[in-house]
Amino acid sequence: MAETSWKGFFLSVFDYKTEKYVIAKNKKVGVLYRVVQLAIIGYIIGWVFLKKKGYQDTEESIQTSVITKLKGVSLTNTSDTGVHLWGPEDYVIPPQGETVFFIITNFIETPNQRLGYCAESFKVPDGLCRENADCQEGDSVIAGHGVKSGRCLKKDRNSTGTCEIYAWCPIERNRRPEQPLLRKAENFTVYIKNFIRFPRFGFSKSNVLETTNDTYFKRCSYHKSRQPYCPIFRLGDLVSWSGHDFQEMALMGGSIGILIEWNCDLDKGYSECNPHYSFARLDVKSSASSITSGYNFRYTRYYKDEAGNSYRTLYKVFGIRFDIMVHGKAGKFNIIPTIINIGSGLALMGAGAFFCDLVLLYMMKKSTFYRERKFECAKNSTKRKGEENTMTEDRGHRKQILERRQLTDLSPEA
């Protein structure tokens, strides 16, 4: 018995099972099924293949290099240093040109600082004192300018003073600028050279026009339609394209993002792979009076006098930081993603049929009738054999009755 069951199981592996289809004469479900099919076909053709180019092999690991160079000069005249001519070597940080660079548009200058003893600023809370005990010798002033000497400097006995500190004196001037000193920086230009490469396809290109005319880049300026391959931008335009005013941003500083996107369809050829630029302000500007708005930092220049003693000039500079970001994606025809997307589309067609089956079998008024036609109850073999024997016996019994009737009709007495 066990051998027979195992043998039957083994042989059933080689059975071929096919689906049974029931044609439902229901126009509503038929129309729904065709609508679902058309929607899936439209999605596959329109979105997957035309919009997303599902027939292509894509690469997003772009290799890129950015080189920047600025040009422009500005003249300032302050009471501390007098007339000063600012060139790119003065207002560009760092000067060698990178993906991130800073343009000085305003500054507060504190000249002739020397190491010595002076009073801390009243604007530093940790530097305030009422007596010498408040100025512990050797302690650094938190968020201040130097180290406490142990003395409390004040005008009279009952007033609040500040601790004496050992620092670069006089301490930094802390006044809010009223207008940008380098306001003409709006007309400075920046040359942004970008090289890109997609290693999988061995494709390379740059955003610079390939020309032998050495005067072209001295006269051209970037324009989206007329001169897309002249990457020379006016700083005022970069800020205005981000939706802001250059003079307003130059006062307290800010941050501008320059995004270069390379979306290349390599099936169309080399000339169809072009850079697209977009600009946005990156720093959060809640209000004009907010202390968190703007962008600034400090740097110094050191000198020596005739006696060999060091002194310095401290600059608190405000300006605009430019961040250049390069993104890219390249695609080229490949049979493998094409087959995969076609297979996915066929699978979706099956999902559409499954959805229509749910509607037909469980949501229609005659759903019970359709379920009875679609599903059959398979009975076990023993019961089926019994039913077959019963049917055979019934047929034999009916045959005997028929033969008796025929004999009766042929008898002489009849």
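The values are calculated or read from the model by the stated rules, or taken from the named source; none is laboratory data. What you see is a predicted model, and the numbers here were worked out from it, not measured in a lab. So basically every Cβ, Gly included, is an ideal-geometry build from the backbone, and we count neighbours across all protein chains shown. Accessible surface is based on the protein model in full, side chains and every heavy atom, while ligands, DNA and RNA are left aside. Shrake-Rupley method; radii C 1.70, N 1.55, O 1.52, S 1.80 Å.
Side notes on the structure shown:
- The stretch 342-376 residues near the modelled residue 15 label - backbone nitrogen below 15 Å, point 7 Å along Cα→Cβ: 376
- Full-stretch length increase - residue 27, residue 179 - with 0.36 nm per residue and alpha-carbon distance subtracted: 47.1 nm
- The residue 204 and residue 281 beta-carbon pair, evaluated with R₀ = 25 Å, returns a calculated FRET efficiency of approximately 0.20.
- With DNA, RNA and ligands ignored, accessible area of residue 151 (1.4 Å probe; Å², nearest 10): 120
- Computed over the chain, the per-residue total of -39500 (n - 2.57) for DSSP H runs of n ≥ 4 gives a 222 nm mean residue ellipticity of -9000 deg cm²/dmol, rounded to 500.
- Helix 2-12 axis, angle to the chain major axis (alpha carbon atoms, nearest 10°): 70
- Label point at residue 67 placed 7 Å out along Cα→Cβ; residues across the stretch 73-108 whose backbone nitrogen lies under 15 Å: 96-99
- Springs between Cα atoms under 10 Å define the GNM used for the chain, and in it the highest mean-square fluctuation of 58, 160, 338 occurs at 160.
- Of all lysines in the structure, the ones whose alpha carbon falls short of 21 Å from that of residue 374, not counting any fewer than 8 places away in one chain, are 17, 20, 25, 27, 28, 365, 366.
- Note on the chain: with neighbouring protein chains present and a 1.4 Å probe, carbon and sulfur make up 55 percent of its accessible heavy-atom surface.
- Linear extension gain, residue 98 paired with residue 355, 0.36 nm per residue minus alpha-carbon span: 86.9 nm
- Degrees, to the nearest 10: 381-410 long Cα axis against longest axis of the chain: 30
- Set 123/304; 184/304; 224/332; 53/224; 193/316; 193/224 screened for pairs whose C-alpha atoms are more than 23 Å apart: 123/304; 184/304; 224/332; 53/224; 193/316
- Tensor-based shape of the chain (alpha-carbon gyration tensor, a/c under 1.5 rounded, otherwise prolate or oblate): prolate
- Within the stretch 115-150: backbone nitrogen closer than 16 Å to the residue 298 label point (7 Å, Cα to C-beta): 115-127, 140-148
- For the stretch 1-158, averaging the sequence separation of C-alpha pairs within contact (under 8 Å, six or more residues apart) and dividing by the residue count gives a relative contact order of 10 percent.
- Separation of the residue 270 and residue 226 label points, Cα + 7 Å toward Cβ, nm: 2.8
- Length gained when the stretch residue 346-residue 83 is fully extended (0.36 nm per residue, less Cα-Cα span): 87.1 nm
- Tilt relative to the chain, helix 335-362 - C-alpha long axis, 0 to 90 degrees, to 10: 60
- Per residue, the average separation of C-alpha pairs within less than 8 Å and at least 6 apart gives the chain a relative contact order of 19 percent.
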